[in-house]
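Down below is the structure, laid out as structure tokens.
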Amino acid sequence: MSKTIVCDGNEAAAWGVVKARPDMVAVYPITPQSSLAEYISQFVADGLIEADLMDVEGEHSVLSVLQGACLAGARTFTATCGQGLAFMFEPYFRTPPLRLPIVMSLVTRDGISPQCVWGGQQDAMTVREVGWIQMYCETNQEILDTIIMAYKIAEHRDVMLPTNVCHDGNYQSYGVEQVEIPDQGDVDAFLGEKNTNWHVALDPDRPMGVDPLTGGAAASGASLFVRYRKGTCKGMQNALRVIAEVHEEWGRKIGRHYSPLVEEYRLDDADYAIVTIGGMTGAGKDAVDMAREAGEKVGLIKVKTFRPYPLQAMLQAVSKVKAVGIVDRSVSFGWNAGPVYQEVLSTLYHRKERIPAVSFIGGLAGADITEDHFSQIIETTARTLRDEIPEGPIWINE
Amino acid sequence: MDKSYHTIAFYPQKCNGCNDCIEACARINTGEVSPAHSRIAIVKDSEDGSFGLALCRQCGEPRCVMDCPAGALSKNEDTGVIQWEETKCVNCQLCTLACSYAGITYNPVTRKVMKCDMCGGDPACAKVCGRGALEYLTSSDLYDKWGDMEDLFVPGISACLGCNSELLIRHTLRRIGPETVVATPPGCVAGVGSVGVNGFTATKTPVFHPLLTNTASMLAGARRYYNRIGRDITMLAFGGDGGTADVGFQSLSGAAERGEQMIYICIDNEGYMNTGVQRSSTTPYGAWTSTTPVGSVLRGKTQDAKPMPVLMMMHNCAYVATASTAFMEDYYAKLDKAVAAAKHGMAYIHVFSPCPTGWRFPPAMLIEIARKGVETNTVPLWEYINDGNEFHFTHSVDNPLPVQEFLSLIGKYRHLDADQIDHIQKMNKRRIEMLKMFSEQEERRAS
């Protein structure tokens, strides 16, 4: 039986873990992820999660124990953010090329310095090129559902890649909503058999050297290394198809439908659009609705899957409009713009005609992006249609 | 495979010609002390004054047995001892001519030949020798017990000539066996190709490169899962000192605190040998490395080594020991205990590992340096068993050799001045005094 509760995003994530039945969960606390680690620990203590709980001495070891367990055959879960993710980076950027289907919540947090413990997407965006799948959630229900779907995506034979399910620190980690917990039998039927280490394993029954030295000046080494790299890239591209299939199947079997890659909101007849990612999307949609009531032909494009980058889905969306305003909750220091903005610019190159695009950066370090902010974002984007193109980026909350 | 036997070793440089062994031999065989009755003789070279041994070597293909016309001599296949049967002997003395070692001799008092019978497995000569010039060696037991086991590393790995790590990992994995997951973090053991290069591997068990920083964590995760599915797979790490005491210390400390089940072997060659001999926290005071160089201002490392095995004992590991490849029986005995301990907690063995390449000594000197390290108390051999809180030395630390006898063999200490040597000697003494406190505590507790 499914069950409806009211809970915050961290608890919703923990319920997703309950239903996915991992063999091992590893935890180390960090704000604003801590209560997620606590929910997981309590659920293990209560027998709701029949997993080995490893409360280790730091995030570096959190991911390391999961790698060892995954290589032995375990389905695994953890969660982190911010400095924890930074400390975890060494094993983190090794996980995708090892092709380990580990699922991890990123309760996104801004980066230090200045010292800060609040939400922002700087952590997740900073690791966007590492090879983890990244999906960003809009509601607590989507967090729960996406965590379950993440296992099916990560463990798909054509993918075999680690997956981050991201939700915003503070606004989603602590924000309370109604959430339906799906029936265990339905989830079991949906997920099917676990598939973690058929391709790479530490098992005396099928001994192998895991991660031998590869590459070097010899042609054979170079070509082998290229094969591995291409394989990981191919897995990422396959994931675009698999993410779509899995979301479709979830909708069919569980009854909740999400756009797997990019969601188009009131876009079909829009002249221009704003692009959002994560928990800000709700306020963005409200602002779009209000602008529509005022006669503005504006739509919204929500990024669900940021890695692999959904080029075709985004191209299809931005091809419907004549201007875009892209809202980032993080900074690309190298570009003096938002990371999502940069990627949308790359997408626009695939269009024949050029259109204006504006970078907005807001919601840093726990700041709110309100409906008023979004109304201003919509207004500024609308003005670009009249050739009033501002110098970017535009900093919200300044 | 042929059986291997115990033997009596002779170290001529330790002998002073006191003849205690000769008297002991005569006494145990006849009750008299006359050298005429001794099966062993020590012969002084008239030219250089050195001592030589005249004693039966219990040969594998004994000429005495072959030449005996009466069948009075035979080799015991169980003990390896060449036995002489008085009732069959015709007293022709051909055997004394056949032996190249003066191992069977004519006794003018009894008018019979006589030879060593190893005192039934407890030779009196070796027992009485106060200088360690005679030693009863039982390490052939290792050969008999483990020699038939498969070497789980392939031949031809690319270790340096005289590499202690290669010796160690071959012995270790042979003992522990194939139901094992082996972790070789970046360092010499990985560098010699244990995990492999471009698709080929050098290890017959599952093997992997952890990061330099997370060996203990990765093994812990794998073992936990095997426990969960009811499979008893041994987790074995061959970490270097850098991956153990420096950058990998946090994950090791965490795993030890949680009592993760594994055998963690630190092969301590006292620096980053694989990357070009840089300093680590276990590099000893005064040692030259490429980052503690010797110049007109600096004279090698200025700090003492981190006492890694003691730190692990303080973590309450299930088992902690130090070891040296010059004392293989000791090492194997400790491996036995580590295998047992790793079923319920962490077993940590810290192996002193001289490195010909990085320490600057000829490869042939490896074992002698390993031995001198122990005999000068630079490397005390001890073990700690958590179950029962036992601590004891496994090799005597009384009457150590002067530390210079160890330091002078090694190039990385070539530049040491008298003050530096004095510091090392004092630190060795302090280390022993500290360890003795654990040992005495144990004795007090036992009484």
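Each value in this text was obtained by applying a stated rule to the coordinates, not by laboratory testing. Keep in mind it's a predicted model, so treat the numbers as computed, not measured. With ideal geometry, Cβ positions are generated from the backbone for all residues, glycine too; neighbour counts draw on all protein chains shown.
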Find which of A:VAL130, A:GLY216, A:LEU53 sits farthest along the positive direction of the dipole of the protein assembly as shown, computed with +1 on the beta-carbon of Lys and Arg, -1 on that of Asp and Glu, about the Cα centre. A:GLY216
Please report the net charge: other residues with Cβ closer than 14 Å to the Cβ of A:HIS257, K and R +1, D and E -1. -4
Could you work out the mean count of beta carbons from other protein chains within 10 Å of each residue's beta carbon in B:248-256? 3
Give me the extension gain from B:ASP141 to B:GLN404: residue separation times 0.36 nm, minus the current Cα-Cα distance, reported in nm with one decimal. 91.3 nm
Modelled FRET efficiency - R0 60 Å, B:ASP45 with B:GLU179, Cβ distances, 0.05 increments: 0.65
May I ask you to list the chymotrypsin sites (Phe, Trp or Tyr not before Pro) in the range B:73-129 that are in a DSSP loop and have at most 14 other Cβ atoms within 10 Å of their Cβ? B:TYR101
Choose one of A:VAL179, A:SER319, A:PRO114: the residue whose Cα lies farthest towards the positive end of the charge dipole of chain A (beta-carbon charges +1 Lys, Arg; -1 Asp, Glu; about the Cα centre). A:SER319
Loop-only GluC sites (Glu not before Pro) in the range A:169-201, please: DSSP not H, G, I, E or B, and at most 13 other Cβ atoms within 10 Å. A:GLU193
Pick out, in residue order, every one of the trypsin sites (Lys or Arg not before Pro) in the range B:268-358 that is DSSP loop and has at most 11 other C-beta atoms within 10 Å; say none if there are none. B:LYS343
C-alpha center-to-center spacing [the range B:123-161, the range A:1-58] in angstrom: 53 Å
Return the single residue from B:GLY162, B:GLY177, B:GLY230 with maximal mean-square fluctuation; model: Gaussian network over chain B, springs between Cα atoms under 10 Å. B:GLY230
Could you work out how far apart the two model spin labels at B:THR96 and A:ASP269 are, taking each label as a point 7 Å from the Cα in the direction of the beta carbon, and quote it in nm? 12.5 nm
Rounded tilt (10° steps) of A:59-72 against the dominant C-alpha axis of chain A: 60 degrees
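Let me know the charge dipole size of the protein assembly as shown about its Cα centre in debye, to the nearest 20, where only the beta-carbon of Lys, Arg (+1) and Asp, Glu (-1) is charged.
2160 debye
Within the set of other residues whose C-beta is less than 13 Å from the C-beta of B:ARG258, count the net charge using Lys and Arg as +1 and Asp and Glu as -1.
-3
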At 222 nm, what value in deg cm²/dmol follows for chain B if DSSP H runs of at least 4 each add -39500 (n - 2.57) and the sum is divided by all its residues, to the nearest 500? -9000 deg cm²/dmol
The range B:148-446: C-alpha gyration tensor shape, a/c 1.5 cut-off, then a/b vs b/c: oblate
Under 24 Å from B:LYS412, Cα to Cα: lysines that are on another chain or at least 8 residues apart: B:LYS301, B:LYS306, B:LYS372, B:LYS426, B:LYS429
Determine the shape class of the range A:262-395: with a ≥ b ≥ c the square roots of the Cα gyration tensor eigenvalues, call it rounded for a/c under 1.5, and otherwise prolate if a/b is greater than b/c, oblate otherwise. rounded
May I ask you to derive the relative contact order of chain B, considering only C-alpha pairs under 8 Å and at least 6 residues apart, and to give it as an integer percent? 10 percent
Determine, from the Cβ-Cβ distance of A:ALA218 and A:ASP368 and an R0 of 60 Å, the FRET efficiency 1/(1 + (r/R0)^6), rounded to the nearest 0.05. 0.60
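Please say if the protein assembly as shown is rounded, prolate or oblate, where rounded means a/c under 1.5 for a ≥ b ≥ c the square roots of the C-alpha gyration tensor eigenvalues, and otherwise the choice is prolate for a/b larger than b/c and oblate otherwise? If you can, show how the numbers build up before the last one.
Working: a/c = 3.12, a/b = 2.70, b/c = 1.16.
Taking the square roots of the gyration eigenvalues as a ≥ b ≥ c, the protein assembly as shown is prolate.
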Give me the dipole magnitude in Debye, nearest 20, for the range B:7-138 about the Cα centre, with unit charges on the beta carbon: positive for Lys and Arg, negative for Asp and Glu. 160 debye
For the range A:242-362, how many pairs of lysine residues have a Cα-Cα distance under 26 Å, where the two are 8 or more positions apart or belong to different chains? 18
For chain A, find the longest principal axis of its Cα atoms and tell me its angle to the long axis of helix A:371-384, 0 to 90°, nearest 10. 60 degrees
What net charge do the residues around A:VAL56 carry, taking every other residue with its C-beta under 13 Å from that of A:VAL56, with Lys and Arg at +1 and Asp and Glu at -1? -4
